[in-house]
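Undergrad: I am attaching a structure below and will ask some questions about it afterwards.
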Amino acid sequence: MKNDYDKFASKRQIDLINGLKPSHRFVEKPMMKSMMPELKNKKILMLGCGTGEESIILKDFGADDKNIIGIDLSKNSILLAKNTYPDIDFVVGDMNNLPFDDNTFDFVYSSLAVHYSSTPNRVYNEVYRVLKKDGLFLFSIAHPLRWSSQEKEIDGSVIRIIGCSKNDNENIVYGKYHTFEKHTFSSFAWQDDGEVLEFYVGSPSMHFKLLKNAKFDIIDFTESKCIEEAKDVDLNYYTKNSEIPQFMAFLAKK
Ligand SMILES: C[S@@+](CC[C@H](N)C(=O)[O-])C[C@H]1O[C@@H](n2cnc3c(N)ncnc32)[C@H](O)[C@@H]1O
């Protein structure tokens, strides 16, 4: 089964708490922290919060447990989140159709969750609706340079390419940077237990347009880069992910 977040909730939580997901520890979370606003006294929604670990980061920026609510589609993830962070509110629900009133939140935070929706425009409209005036939306998604590339075997190694043949007569194009479509990945460096993930990848300009259509102003945009600390832990991982962005993050304002 694809995107079986209920089945893998417990393993994901253990990996996250122990820093065993290099993409979160060295790439995605540092990017999100670099864009985080001050969160003191802010009413906050964590969108696609999984087992709730991102609340620890939000608290570093001034957030208070009693002002945070997390939502996720996975019942098991929400159960674990409730048990682990009992002072925070968590609900099961769909980011495409949020169970909250208009103008409820000052800040909506979402790590690597929006790309599971085939209709990001619906998510952006929903987030805009539940944000208060001047409220902020910070979210990260897969970057097409990494995820819309195509695998090709060259000289016995499988490489990911995005580009085209130099010779115009050949007409070979690798990857689909501009096409919004579903991608399936079944083997990540840190997963050896068969988790299969499907998510949707589109270009930065497509997401800029959708955010604009939802009436957001875009305040900041970052393409991820692996932090130096990873060098000592895994030099190959560092080298690869310091030159090619795996993820991108937007900070948008209502
Ligand atoms: C990669 S995990 C990220 C979890 C957490 N934000 C983190 O960074 O550790 C993606 C999460 O998105 C959730 N998700 C997927 N589709 C969703 C939807 N339509 N509504 C709410 N949550 C969703 C999954 O259940 C999963 O917990």
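Undergrad: Quick one: Karplus J couplings for segment 148-163, per residue in order, coefficients 6.51, -1.76, 1.60, θ = phi - 60°, nearest Hz, x for Gly and Pro?
TA: So the Karplus estimates, Gly and Pro as x, are 9, 6, 10, 7, 9, 8, 10, 6, x, 10, 8, 10, 9, 10, 9, x Hz.
Undergrad: While we're on this one: Sorted from largest to smallest, which semi-axis lengths in Å does the alpha carbon gyration tensor of the chain give for its equivalent ellipsoid, taking the root of 5 times each eigenvalue? Intermediate values should be presented prior to the final figure.
TA: Values: eigenvalues 187, 94, 59 Å².
Semi-axes, largest first: 31, 22, 17 Å.
Undergrad: In terms of Cα to Cα distance under 19 Å, which aspartates and glutamates are near enough to Lys7, apart from those fewer than 8 places away along the same chain?
TA: Hits, sequence-local ones excluded: Asp15, Glu53, Asp72, Asp94, Asp192, Asp193, Glu195, Glu198.
Undergrad: Could I ask something else about it? Tell me, what HN-Hα J-couplings in whole Hz come from the Karplus equation 6.51 cos²θ - 1.76 cosθ + 1.60 at θ = phi - 60° for each residue of segment 19-27, using x for Gly and Pro?
TA: Residue by residue, segment 19-27 yields x, 8, 10, x, 5, 7, 5, 9, 10 Hz.
Undergrad: Let me ask something additional. As a test of understanding, state the convex hull volume per residue of segment 1-66 from its alpha carbons, in Å³.
TA: Once divided by residue count, the hull of segment 1-66 is 104 Å³.
Undergrad: So if each residue of separation counts as 0.36 nm, and I subtract the Cα-Cα distance between Asp87 and His183, what length gain in nm does that give?
TA: That works out to 30.9 nm of additional length.
Undergrad: Can you compute the modelled spin-label distance between Lys66 and Ser10, with each label point 7 Å from Cα toward Cβ, in nm?
TA: 3.4
Undergrad: Given the rule -39500 (n - 2.57) for each run of at least 4 DSSP H residues, summed and divided by the residues of the chain, what is its mean residue ellipticity at 222 nm, to the nearest 500 deg cm²/dmol?
TA: Taking each H run of at least 4 residues, the total per residue is -8000 deg cm²/dmol.
Undergrad: Let's see if you can work this out: charge +1 on each Lys and Arg Cβ, -1 on each Asp and Glu Cβ, no other charges. What is the dipole magnitude of segment 6-116 about its Cα centre, in debye to the nearest 20?
TA: Computed charge dipole of segment 6-116: roughly 400 debye.
Undergrad: PRE reach from Asp220 (point 7 Å along Cα→Cβ): which of segment 54-71 fall under 20 Å by backbone N?
TA: Residues 54-64 fall inside that zone.
Undergrad: Give the relative contact order (percent, whole number) for segment 54-199; include only Cα pairs under 8 Å separated by 6+ residues.
TA: 15
Undergrad: Listed highest first by mean packing, meaning other Cβ atoms within 10 Å per residue, what order do 149-156, 6-13 come in?
TA: Ranked from most to least packed, the peptides come out as 6-13, 149-156.
Undergrad: May I pose another question? Would you mind checking the pairs Lys133/Lys253; Lys225/Lys254; Lys132/Lys253; Lys152/Lys176; Lys212/Lys254; Lys209/Lys254 and listing those with alpha carbons more than 18 angstrom apart?
TA: Checking Cα-Cα distances, Lys225/Lys254 exceed 18 Å.
Undergrad: Could you give the distance between the Cα centres of segment 101-177 and segment 32-71, to the whole Å?
TA: Cα centroid to Cα centroid, the span is 22 Å.
Undergrad: Here's something else I'd like to know. Give me Rg over Rh for segment 135-254, both radii from the alpha carbons and Rh done the Kirkwood way, two decimal places.
TA: Ratio value, two decimals: 1.01.
Undergrad: Which of Asp217, Asp234, Asp168 moves the most in a Gaussian network model of the chain with Cα springs under 10 Å?
TA: Result: Asp168 has the largest fluctuation of those listed.
Undergrad: Please state the charge dipole magnitude for the chain, taken about the Cα centre, from unit charges on C-beta atoms (+1 on K and R, -1 on D and E), reported in debye and rounded to the nearest 20.
TA: Computed charge dipole of the chain: roughly 660 debye.
Undergrad: Cross-link partners among aspartates and glutamates for Lys240, C-alpha distance below 13 Å, same-chain residues fewer than 8 apart left out?
TA: Partners within reach: Glu228.
Undergrad: In addition: Which of the listed residues, Thr239, Val158, His183, is farthest toward the dipole's positive end in segment 128-254, when Lys, Arg count +1 and Asp, Glu count -1 at the beta-carbon?
TA: So the residue furthest toward the plus end is His183.
Undergrad: Once you have the alpha carbon radius of gyration of segment 70-171, what is it after dividing by 2.2 N^0.38 Å, with N set to its residue count? It would help to have the intermediate numbers written out before the result.
TA: Numbers: Rg = 19.8 Å, N = 102, 2.2 N^0.38 = 12.8 Å.
In units of the 2.2 N^0.38 Å rule of thumb, it is 1.55.
Bear in mind that the values in this text are calculations on the coordinates, not laboratory data. Only a predicted model underlies this, so the values are computations on that prediction, with no experimental measurement involved. FYI the Cβ positions are ideal-geometry reconstructions off the backbone, even for glycines, and counts take in every protein chain you see.
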